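Engineer: Have a look at this one before I ask anything.
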Ligand code: NAD
């Protein structure tokens, strides 16, 4: 068997799967990972592609394609969201699954990494069509999911209602209620208090830590947020409550900015009423491109991948980039930001609050014992703060950026578990 790594495909690339492998290759060298473990971790453990037939409201029959990828399960069952988006690709899901492995290891929860997705345009589908799609997709992937095997969660354009349908479909198949099969569910069926804002809250906790390390006062620090969905809208409101000043926000339709500050609560109401932040009266119209380059102290990309590139990285004015989204920064942009002294809080740290409270939700479901929100937030803060400090220490020790530090912690943990378990048979 070959244990050599083909690095020809590992150049910084716009393909997110190549990007994910490139990031692993870099840390492998940094921490002296053995070639055997490196080779093992470079591949997903399992990839499932499914065809999902759906009867649409007008009676037409359509086929959708979906995926579930399990990257690594050395530290526990696989965990990761499900994305409904027209641009979903298998490579994207493989990258997101690998990132979940590192994320769970970084915050030290006993899960491996997985991700799922369906190529579809949920905005153009009715609730009934979405329900049919979700239920059939769940049924197709039920051969590999389960509370001890692989636990899905929400991601882009998937909601607590969609999680409820996943829970119900799985439960109907086995014949009894299994709340622990999915997280991000509504509270009424075993969801956790605090899960809806957990990604954003975790992001806030690590930004607070970064501000402290860099000696920047929080009160009045200017924040720009790209994407105003689950991660972005709660990040904006929680950061505003904490004393930060939200100066720009955007969603898929465009953005709005005001250097004197935007009313985060008002924005939330406007978004919920109109479906977009565009047209909000308290600011001027900007594009998504402008938003990334807007004058601010903290930039929070909270939409999709690959938005910070070699072209806009030199123009980013923030001192901290907190990656609420997965994979927003291309490797060449990462290097430019590091050289310019911008602290990038990597996705596996900055958005790990979501999976951390998902873990709490799963623990509560399995134990049939539910906690108060204060307790959940306190436990989240403890995990996020520790992960930040470990990341920072490793970044300093290896003289690398925060992504390098986070990967050094996470990949070492997964490598240790993989090595201890050995090879079966
Ligand atoms: P969401 O569907 O709730 O929101 C996505 C937001 O991004 C929407 O406001 C949408 O309008 C906006 N958007 C879409 N395309 C855009 C574009 N081209 N430019 C600007 N904005 C655009 O999704 P979410 O759950 O908030 O996820 C956002 C990111 O956060 C994703 O990368 C996801 O993987 C990551 N994330 C989410 C969670 C979570 O718990 N929801 C956890 C970890 C990571």
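Bear in mind that the values in this text are calculations on the coordinates, not laboratory data. What you are looking at is a predicted structure, and each value in this text was computed from that prediction instead of being measured. Cβ placement follows ideal geometry from the backbone for every residue including glycine, while neighbour counts extend to all protein chains displayed.
Engineer: Taking just the C-alpha trace of the chain, give me its Rg and Dmax in Å.
Structural biologist: When restricted to Cα atoms, the chain yields Rg and Dmax of 20.5, 64 Å.
Engineer: Here's a follow-up. Using the basic label-point model (7 angstrom from Cα toward the beta carbon), what is the residue 386 to residue 43 distance in nanometres?
Structural biologist: 3.4 nm
Engineer: Same structure again: Students often check this: by mean Cβ neighbours within 10 Å, which of 270-282, 241-253, 308-320 ranks highest, and how do the rest follow?
Structural biologist: 241-253, 308-320, 270-282
Engineer: Normalised by the residues of region 44-177, what does the relative contact order come to in percent, with Cα pairs under 8 Å and at least six apart? All intermediate terms of the calculation are to be shown ahead of the outcome.
Structural biologist: Numbers: 273 pairs, mean separation 38.3, N = 134.
Computed over region 44-177, the figure is 29 percent.
Engineer: In percent, what relative contact order does the chain have, based on Cα pairs under 8 Å that are 6 or more apart in sequence?
Structural biologist: 16 percent.
Engineer: Work out the FRET efficiency for residue 339 and residue 212 from their Cβ-Cβ distance, taking R0 = 30 Å, and round it to the nearest 0.05.
Structural biologist: After rounding to 0.05, the efficiency reads 0.80.
Engineer: Right, here's the next one. Just for region 198-350, what percent of DSSP beta bridges are antiparallel, to the closest 5?
Structural biologist: 30 percent
Engineer: Let me ask you something else. Return the single residue from 136, 397, 46 with maximal mean-square fluctuation; model: Gaussian network over the chain, springs between Cα atoms under 10 Å.
Structural biologist: Between 136, 397, 46, it is 397 that shows the largest mean-square fluctuation.
Engineer: Would you mind computing, in nm to one decimal, how far apart the modelled labels at residue 315 and residue 368 are, each placed 7 Å from Cα along Cα→Cβ?
Structural biologist: So the label points at residue 315 and residue 368 sit 5.8 nm apart.
Engineer: Between the alpha-carbon centers of region 330-399 and region 169-212, tell me the distance in whole angstrom.
Structural biologist: Taking the Cα centre of region 169-212 as reference, the centre of region 330-399 is 15 Å away.
Engineer: For the chain, with a Gaussian network of springs between Cα atoms less than 10 Å apart, report the residue from 215, 283, 232 with the top mean-square fluctuation.
Structural biologist: Among 215, 283, 232, the largest GNM mean-square fluctuation belongs to 215.
Engineer: When the helix-only estimate is applied to the chain (DSSP H runs of n ≥ 4, each -39,500 (n - 2.57), divided by the residue count), what is the mean residue ellipticity at 222 nm, nearest 500 deg cm²/dmol?
Structural biologist: So the calculated ellipticity at 222 nm is -14500 deg cm²/dmol.
Engineer: Continuing with this model, one more query. With springs only between Cα atoms under 10 Å, which of 405, 59, 227 fluctuates most in a Gaussian network model of the chain?
Structural biologist: So, out of 405, 59, 227, the one fluctuating most is 59.
Engineer: Out of all DSSP beta bridges in the chain, what portion is antiparallel? Express it as a percent rounded to 5.
Structural biologist: Values: 24 of 50 bridges.
Percentage antiparallel, nearest 5: 50.
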